[in-house]
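Heads up: the structure comes next, in structure tokens.
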Amino acid sequence: MKDVHILLVEDNEGDIVLTQEVFESSGLENPISIARDGEEALDYIYQRNNFANAERPDLILLDINIPKINGKEVLGIIKNDENLKTIPVIMLTTSSADDDILDSYRNHANCFITKPMSFEGFSDAVSEIKNFWFSRATLVSKK
């Protein structure tokens, strides 16, 4: 398994715990950092304020409906920055609205996944993320 650092941008504590549990139960031991709103996510990614020593994420799981700066705005900022746009961003959200899907892909999201409502469905979705992004895909090497 590749050493991939994940940034989970999620404000729902239940979804944070569930995501961590699913990754752990599937054998993923990679570090997962948490940002609970869009402002905190950008601070983390840009290594500023309380995150000056944060490790650059290799993969970002980004919810759309987060406080302060919404996920679509965070995505746009990341994908318009030459130094960040190579980081894959997976929109992992409860939304299945056509506008959210279209806006996400227009802003160069690498993937859009609507969170399944059941634990089993959510577990399967996270396992598929793990299998593709950690076993199949080739990510940009850290500099």
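The values are calculated or read from the model by the stated rules, or taken from the named source; none is laboratory data. Because the structure is predicted, anything quoted here is derived from the model rather than measured. Every residue, glycine as well, gets a Cβ built from its backbone with ideal geometry; the counts of neighbours run over all protein chains shown. SASA here: full protein model, heavy atoms, side chains in, ligands and nucleic acids out. Shrake-Rupley method; radii C 1.70, N 1.55, O 1.52, S 1.80 Å.
Computed quantities for the displayed model
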| read-out | value |
| --- | --- |
| FRET efficiency estimate (nearest 0.05) - Cβ-Cβ, PHE132 to ASN83, R0 25 angstrom | 0.55 |
| Dipole magnitude of segment 69-114 about its Cα centre (Cβ charges: Lys, Arg +1; Asp, Glu -1), debye to nearest 20 | 140 debye |
| The chain: relative contact order as a whole-number percent, Cα under 8 Å and 6+ apart | 24 percent |
| Lysine pair number, Cα distance threshold 26 Å (strictly under), the chain, separation 8 or more or different chains | 24 |
| Gain in span if fully extended, SER118 to GLN47, counting 0.36 nm per residue against the direct Cα distance | 22.1 nm |
| Equivalent ellipsoid, the chain (semi-axes from 5 times Cα gyration tensor eigenvalues, Å) | 20, 18, 15 |
| Accessible-area composition of segment 1-60, carbon plus sulfur, in percent [1.4 Å probe] | 39 percent |
| Nitroxide proxy distance, nm - points 7 Å out along Cα→Cβ at GLU24 and SER96 | 3.0 nm |
| Span-like helix ranges in the chain, DSSP H, alpha carbon extent 15 angstrom or more, Kyte mean at least -0.5 | 13-25, 119-131 |
| Solvent-accessible area per residue for segment 1-95 (1.4 angstrom probe, square angstrom) | 45 Å² |
| Sum of -39500 (n - 2.57) over DSSP H runs of 4+, divided by residues of the chain (222 nm, nearest 500) | -11000 deg cm²/dmol |
